[in-house]
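Working notes, structure below.
The values are calculated or read from the model by the stated rules, or taken from the named source; none is laboratory data. Remember, it's a predicted structure, so these values are computed and weren't measured experimentally. Ideal geometry is used to build each Cβ from the backbone, glycine not excepted, and the neighbour counts take in all protein chains shown. Each accessible area value is taken on the protein alone, full model and side chains, heavy atoms only, with ligands, DNA and RNA left out. Shrake-Rupley method; radii C 1.70, N 1.55, O 1.52, S 1.80 Å.
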Amino acid sequence: MITNSTYDGLCYDTVQTARALAPSTPRLHFDEAWFAHARFHPLYAGRYGMAVGPDTFEGDGRPTVFATQSTHKLLAALSQSAMVHVKSAPRAPVDHHRFNEAFMMHGTTSAPYPVIASLDAATAMMDGPQGEWLVNEVITEAIRFRQTVVRTGRRIADAGDRLPWFFGVWQPDTVTDPADGTERLPPARAAGRVAAAMVTVTPPGIPVLMPGGALGATGGPVLRYLGALEAFDRAFPGLHSEAHGVTVDPDTGDYLIECVREGVQVT
Ligand SMILES: Cc1ncc(COP(=O)(O)O)c(C=O)c1O
């Protein structure tokens, strides 16, 4: 099961992913809860599950691919509506009748017809050239929004008449290849480093770090926040924070964050 895309918009080259995983699995499942729009714009060509087919992956090794999409999220359908897409491969064939029966075992017998009708409406909206047009409009708006955020931040910094703080946009300057080496460091030694894994603190369950993200300076928001959680855990043993992606040193109680080794950077 592969989450594609992630919450912050990282998406996979799905054909390459399928080639890499095919030797070890006959079936792949892409969780595309946030990616139902990908099929409709060339920006995402080859980046969504259903792009893995006989035309892009020749030979007997191709896995059967499932993609589940929350149509209600990034297309225009009612809440709770979703789709399961299946691209069956001879290696692990899917009998559609059986699949549907199995699916029904886990669903309600009182189907909400307005929800189902909204799936048809969402499909019709994306059919033909208007699908690409709609997604293109959203992408253009998103780029304009990012440019405005950056411009506003610069204007505030240049004016110099108030604290030089404003929202930023996430755009890593460099991309790192984790195969080149990572190490686990306590927050006190992680200043200036690049994260190699996601760190999500619950609540609120929103990532504070993504792979490739900068940890920032010692007094910066990320390291101060993680340092505060670490201090809390030490002060209140047994009530420790829920920090996914952080390893706790069993001897010292130090938080350890997966960082890219120094000097490893691929632009
Ligand atoms: C990655 C991911 N997968 C699956 C789901 C579940 O989606 P649904 O709302 O269609 O149940 C979510 C919901 O937020 C999600 O973020």
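Table for the structure above
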{"read-out": "The listed residue being under 18 Å from the mean Cα position of the chain (by Cα) and either part of a loop (DSSP other than H, G, I, E, B) or modelled with pLDDT of 90 or more (or both), out of Thr247, Thr200", "value": "Thr200"}
{"read-out": "Helices (runs of 4 or more DSSP H) contained entirely in segment 77-168, each with at least 1 residues that are in contact (Cβ under 8 Å) with a residue 24 or more places away in the chain and not hydroxyl-bearing (Ser, Thr, Tyr)", "value": "113-126, 129-159"}
{"read-out": "Of all residues in segment 1-42 being aromatic (Phe, Trp, Tyr) and open to solvent by 70 Å² or more (accessible area, probe 1.4 Å), the one that is nearest to Glu137 (Cα to Cα)", "value": "Trp34"}
{"read-out": "Near pairs, Cβ below 6 angstrom, 6+ apart or cross-chain, from segment 194-223 (farther than 17 Å from Gly9 by Cβ) to any residue that is of a type in the set (S, T, N, Q) and buried (at least 18 other Cβ atoms within 10 Å of the Cβ)", "value": "Val194/Thr176; Ala196/Thr182"}
{"read-out": "Boolean, Ala82 is touching a helix residue (DSSP H, G or I) at 6+ places or on another chain (Cβ under 7 Å) and either open to solvent by 70 Å² or more (accessible area, probe 1.4 Å) or assigned by TED's automatic domain parsing to the domain that holds Val15 (or both)", "value": "yes"}
{"read-out": "Boolean, Ala89 is in the same structural domain as Asp31 (by TED's automatic domain parsing), surrounded by 13 or more Cβ atoms within 10 Å (Cβ to Cβ) and touching a Lys or Arg at 6+ places or on another chain (Cβ under 6 Å)", "value": "yes"}
{"read-out": "Test: residue in segment 141-162 that is under 15 Å from Phe40 (Cα atoms) and out of contact with any Pro (no Cβ under 9 Å at 6 or more places or on another chain)", "value": "no"}
{"read-out": "Residue satisfying condition, being closer than 19 Å to His37 by Cβ and more than 16 Å from the ligand (Cβ to nearest atom), within set Ala102, Ala121", "value": "Ala121"}
{"read-out": "Selection count where residues are within 22 Å of Thr140 (Cβ to Cβ) and either touching a residue at least 12 places away in the same chain (Cβ under 8 Å) or buried (at least 19 other Cβ atoms within 10 Å of the Cβ) (or both), scope segment 43-64", "value": "5"}
{"read-out": "Residue selected from segment 226-242 under the condition open to solvent by less than 80 Å² (accessible area, probe 1.4 Å) and modelled with pLDDT of 90 or more, by the criterion nearest to the chain's Cα centre (by Cα)", "value": "Leu226"}
